[in-house]
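The structure appears right after this line, and notes come after that.
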Amino acid sequence: MAIPALLLAPAALAEAKEAQAGERAAETADRIEVIGHPDPEGLLPDQTAPKAVSAISSDFIVKQAPTLNAFQLVNLLPGANVSSGDPYGLSTSSSLTLRGLGQDQIGVVMEGAPQNDIGYFYAYPSQFADAENVRQIALAQGAADIDAPVVAAAGGLLSLSLDDPRPDMGGLINLSVGSYDQRRAFVRFDTGTLGASGLKAFVSYSNNRADNWRGPGYDLRQHVDAKLLGEWGDGNRASVAFSYNDAKTSAYPSPTLADWDAQGRGFNHDARYDPENGTNYWRLYRAPFRNFYVAAPLHLKLGDGLAFDSSAYLQFGHGNAPYGTELTETGNFLGTEELTQPVALPGAMDGTATVLGNWTGKQFRVGDVGKLTFEAGAHRITAGLWFDYGTDRVTQSYTSIGAGGRPLDQWGYQRRAIRTADGRLLAYENARTKTVTKAFFLADSVTLTPRLVVDLGFKGVGVLRNGRNFLPGPQQTVRTNSFAALPRAAVHYRLDDRQQLFANITTSFRTPNEFALYNSYYGGEIVGAGTTNLKNEYSVSQELGYRYIGPSLSFSVTGFHYHFRNRQVATVVNSGGALVNSTINGGSQTSYGLDAEIDYRPAKGMSVYLSGEYLHARLDDDLAVGADVLPTKGKRAVSAPSFQFAMGSTYDDGRLFGSTALKYVGRQYATFMNDESIKGYATLDLSIGVHLAGLIDAQRMDLRLNAINVTNPRVLSGVQAVGTNARDTIGRGGTLISGAAPTYYVGSGRAFVATLSRAF
């Protein structure tokens, strides 16, 4: 079934189930284990944890369009507010919030390996594994697991589990065509069990192409997933998972309200290059990126009641988020240094040339979570360490373009970039940051009675950042060192075989992102002062919930409460033309609300799912702006709709199958002053398909049609760059604080996708 769920330690739950089985089976004394309910599977899997968590299984995923990314797939779940920039999930112009907390507050792991950006805490779902290889997506709306290798996770944890290789040799081919000239091919091959080794593996490749649904341009994505698995003895297991992504995607322009009112969906990049004003040409906004992920989870049973787990990982990434801008041959600066010699600019007219502005990032990351779990009597004790080392090299340089507006190097490599007369790289930003994260954790899950389990835990996390600013100026190196103590506790009580109560209290913290550390220069002056004195966000959250798992009806209700100090609110700032993720310290904030889910299974193969959320998120402080403060105390938090509602259904009778997904998101404020907002909106996705196995041969073969956003509402779906105030406002101190317009995501258009799946 599918209900937000709470996390009970597996061993403790097993012990409780065994004890209960013993109570009920005195006359069948040899039976001491409860396998589980023979209930039909609903839209979402059952949950048994002492915290709110929902999960989407492969049975639901396989009915959706294969182009959808992980964020789009969890859109029905309570608290999940997805702003998708395009119907196919290819563009990075999208976001996910949970209970009003932004994408940089949500931890993401795949096969136990972190997927968040090390410097800015964002995760990019278009880079994740292909949907055909995902066994389950779990969304913990309130609290990350104590052993999760994430820092900024007050908004919860999104966990992706890859499918295991099949025991028999075989494979799968998916071919899709759709609106906007969309074409996708996916092929997977499973080796089956390899002789006496017991090893098995799979490898898959996909290629996806689609025109931009609004404006000129197109997106390309090539992706490879692979997994090698070995299992032996009594539960021992080791695997290595690989994921490689190579994409060139479009950054859709984000309008202000004035832009939207004037142009609507017509607010786009230019389809043709204008030599006299070419900075808005679409080819200057295509973002190439390559990522490589390796995850190696290991589980070893060392003896009776003792187990060791390790989750090692390795990541590489390189890419560019380019934009169009102009440079002049003279009057340039490098940091605070004035360049006395002209800069050579091919194609310059009257000393000015349109160029490609680059925001390139090159990341390396390696780490491991190791833990020991010991079971003794009523206790299940876990102790572990997490170590993470990463480097992030960020450069904002410039590259010449050809006569037709095509960039000479879209990747922004330094060897092709524009240089000063003496050969140095001409750059607006140029920095390297090393981040070292160390953590230890200790937890005890105590089964006090067969029905009552109490979890206690503590996690200590330290984050060290060492950075260097390579631009001439007063700032050369930066260093920050933070430590946070993160206690937690949870209670799970089983009223009977189907009813559960749970409660928990969890703490979390995050550091400001690395962009805040560095100076930004323009015209030889500091226009953005970096600082190492920024305060870390710290939060305390509580949940209280009830869950019922019945033979045909299941539901859960979760009340939650958060209190934040130094709330880090994600936004986007214009840094010399580049749109860069940054944060605003929103001070203290209090949020509370209610999540609910219902899963009804009226007949075999049918499931109806409803979810909803009420959220009350308010600012507790006035907001400092310059030398004055805005009167924001009591205002609503940005990007935090008060109400969301979702309804989904699935049907499968063995021949015909289909699904529906309806989502409504309420009004969202875009400024701390609440002087600008976007209205609520609804989306609807539909799918219908037929199982063709038996018509040609016995092999699995399906044909399905997916309609994405079928009602095609013309709406703004989310806030891209929040602001302090949109209108000029008199501060508490009597000064005029000028307003600045926020920008928004445009809700994606309607799309149809037809997919033919064939197993072999």
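The values are calculated or read from the model by the stated rules, or taken from the named source; none is laboratory data. Computed from a predicted model, the values in this text were never measured in an experiment. Don't worry about glycine lacking a Cβ; one is built from the backbone with ideal geometry, like all the others, and counts go over all protein chains shown. Each accessible area value is taken on the protein alone, full model and side chains, heavy atoms only, with ligands, DNA and RNA left out. Shrake-Rupley method; radii C 1.70, N 1.55, O 1.52, S 1.80 Å.
Below are the figures for this structure:
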| quantity | calculated |
| --- | --- |
| Theoretical FRET efficiency, 1/(1+(r/R0)^6), r = Cβ-Cβ of ASP653 and LEU594, R0 25 Å, to 0.05 | 0.10 |
| ASP274 accessible area, assembled protein chains, probe 1.4 Å, Å² | 70 Å² |
| Neighbourhood charge, 15 Å Cβ-Cβ cut-off, centred on ALA741 and excluding it, Lys, Arg +1 and Asp, Glu -1 | -4 |
| ARG700 versus VAL527: modelled label distance in nm, points set 7 Å from Cα along the beta carbon direction | 5.4 nm |
| Order of exposure, largest accessible area first, which applies to HIS223, HIS379 with probe 1.4 Å | HIS379, HIS223 |
| Calculated from backbone phi, Karplus (6.51, -1.76, 1.60) coupling profile of the range 74-81 in Hz, x at Gly/Pro | 9, 4, 6, 6, x, x, 7, 10 |
| Set LYS200/LYS604; LYS438/LYS635; LYS51/LYS635; LYS227/LYS434; LYS51/LYS663; LYS535/LYS633 screened for pairs whose C-alpha atoms are more than 26 Å apart | LYS200/LYS604; LYS438/LYS635; LYS51/LYS635; LYS227/LYS434 |
| PHE364, PHE60, reordered so the largest accessible area comes first (probe 1.4 Å) | PHE364, PHE60 |
| Pairs of alpha carbons in the range 127-245 whose separation is greater than 18 Å (percent) | 64 percent |
| Value of relative contact order over the range 632-760, rounded to a whole percent, pairs C-alpha under 8 Å and six or more apart | 22 percent |
| Additional length obtainable on full extension of the chain from ASN574 to ALA754, 0.36 nm per residue less Cα span | 60.8 nm |
| Fraction of the pair-distance distribution of the range 352-457 above 17 Å, Cα-Cα pairs, percent | 69 percent |
| Percent of Cα pairs exceeding the 19 Å cut-off, where the set is the range 695-760 | 64 percent |
| Solvent-accessible area of ILE737 with every protein chain in place, 1.4 Å probe, in Å² to the nearest 10 | 10 Å² |
| Charge dipole (debye, nearest 20) of the chain; +1 at Cβ of Lys and Arg, -1 at Cβ of Asp and Glu | 680 debye |
| Rg(Cα) / (2.2 N^0.38 Å) computed for the range 204-258, rounded to two decimals | 1.93 |
| 13 Å beta-carbon shell around LEU619, net charge (K/R +1, D/E -1) | +3 |
| Surface accessible to a 1.4 Å probe, MET349 within the full protein complex, Å² | 110 Å² |
| Inverse of mean 1/r across different Cα pairs in the range 507-572, Kirkwood, Å | 15.7 Å |
| Accessible surface, per residue, of the range 370-438 when the full set of protein chains is kept, probe 1.4 Å, Å² | 44 Å² |
| Gain upon complete extension [ALA185, PHE645; 0.36 nm per residue less C-alpha separation] | 162.2 nm |
| Listed residues GLY102, VAL491, LEU692: farthest to the positive end of the dipole of the chain (Cβ charges) | GLY102 |
| Segment LEU306-ILE173, extension gain: residue separation times 0.36 nm, minus the distance between their alpha carbons | 43.7 nm |
| Amide N of the range 403-442 lying under 12 Å from the label point, which is placed 7 angstrom from the Cα of THR391 along Cα→Cβ | 432-435 |
| Cβ-Cβ FRET estimate between ARG432 and LEU544, R0 fixed at 41 Å, reported to 0.05 | 0.35 |
| Whole-number percent relative contact order across the range 684-760, with pairs defined as alpha carbons under 8 Å at least 6 apart | 37 percent |
| FRET efficiency, 1/(1 + (r/R0)^6) with R0 51 Å, evaluated for LEU314 and ALA271 via beta carbons | 0.80 |
| Where TRP411, TRP232 fall by accessible area, highest first, once all protein chains stay in place (1.4 Å) | TRP232, TRP411 |
| Mean accessible surface per residue for the range 577-710, computed with a 1.4 Å probe while every protein chain stays in place, in Å² | 41 Å² |
| Computed over the range 362-402, Kirkwood Rh from alpha-carbon pairs, angstrom | 14.5 Å |
| Label-point gap, in nm, between ASP164 and ALA489 - each point 7 angstrom along Cα→Cβ | 3.8 nm |
| Positive-end extreme of charge dipole, the range 472-555 - chosen from ALA516, LEU501, THR480 (charges on Cβ) | LEU501 |
| Whole-Å semi-axes of the range 283-349's equivalent ellipsoid (Cα gyration tensor) | 54, 16, 7 |
| Virtual spin-label span in nm between GLN476 and LEU736, 7 Å along Cα→Cβ | 4.4 nm |
| Mean Cα-pair separation over length for the range 548-664, i.e. relative contact order, pairs under 8 Å, 6 or more apart, % | 20 percent |
| Net charge, ASN75 excluded, C-beta distance under 9 Å - Lys, Arg +1, Asp, Glu -1 | 0 |
